[in-house]
Amino acid sequence: MFRVASRLIRHARILDAVEGILGPDILCWNSTFFTKEPRTPSYVSWHQDLRYWGLSGDSLVSVWVALGRVTEAHGCMRFVPGSHRLKLLEHRDTYDGENFLTRGQEAVYEMDESRTVKVELRAGEASLHDGRLLHASSPNVSDECRIGYVIDYISPGMRPVVAARDSALLVRGEDRYGHFELVPPPEDDLTPDALSWHRRILSAQAETLYQEPRPP
């Protein structure tokens, strides 16, 4: 919908890093702002993205771009090192109203908090994580807003397995598979065409994210 977002998901330094993981052909499947207001209880439970995103395979990498500084007090992300090698774990739905995840999904996993790592970032820095990596974030107990922009990149060989139709943006290389309807870049901010695409994308996401979880 916004040209600034379109430029960011195509930023050469980001795509160079992603290409080193996924290869030369890259789709942007999703992007969104994650904002935590100061002194609010919102959090994200421990989870694996690929467990409930309705995609085949695991050729996915998420890039978390800090639009302001992100410290432990701001509720930075935490990772479980090496957990990207795990199978897709069972997740239980908590439906906690303070949880950012759609159903409050929480991995069924014996967590050793002492072995997790904090992902503190300066404004303009980014972290990358695998779709199987266990990650979470705590509430923002600081007096500053925490704003991150998350971009989810996939290889064109991935395909939707829940939504009847899904879409993505080709941001580097080519798509030889045609599993996703390709979204054109916006010509201007909030054009009728861009808003129409946005509604279609949200509909496909809702069809996927609110489904009951399937066995891993």
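Derivation of every value follows stated rules applied to the coordinates shown; laboratory data play no part. Just so you know, these numbers come straight off a predicted model, no measurement behind them. All Cβ positions, even for glycine, are placed from backbone atoms using ideal geometry, and neighbour counts span all protein chains on display.
Just a few scattered comments:
- Mean Cα-pair separation over length for the range 77-186, i.e. relative contact order, pairs under 8 Å, 6 or more apart, %: 26 percent
- Distant-in-sequence amide H partners of Arg69 (H built 1.01 Å from N, under 5 Å): Ala123
- Amide H contacts under 5 Å for Trp46: Ala107, restricted to partners 5 or more places along the chain or on a different chain, H placed in the peptide plane at 1.01 Å from N.
- The alpha carbon convex hull volume per residue for the range 119-184 rounds to 160 Å³.
- Label positions at Asp112 and Asp16, each projected 7 Å from the Cα along the C-beta direction, are separated by 3.7 nm.
- Contour excess over end-to-end distance, with Cα ends at Arg159 and Ser203 and 0.36 nm allotted per residue: 14.1 nm
- Furthest towards positive pole of dipole, Val61, Ser142, Ala73, structure part the range 40-156, Cβ charges: Val61
- Compactness relative to 2.2 N^0.38 Å, alpha carbon Rg of the range 19-71: 1.43
- Convex hull projection area averaged over all views, the chain, Cα basis, nm²: 11.7 nm²
- Reported to the nearest whole Å, the Cα centre-to-centre distance from the range 147-192 to the range 1-80 is 14.
- Checking every one of the trypsin sites (Lys or Arg not before Pro) in the range 131-173 against DSSP loop status and a limit of 16 other Cβ atoms within 10 Å picks out Arg165.
- Calculated SAXS-style log₁₀ I(q)/I(0) at q = 0.16, 0.22 Å⁻¹ - the range 35-118, Debye, Cα scatterers: -0.75, -1.39
- Ranked from largest, the principal axis spans of the Cα set of the range 80-174 equal 42, 34, 29 Å.
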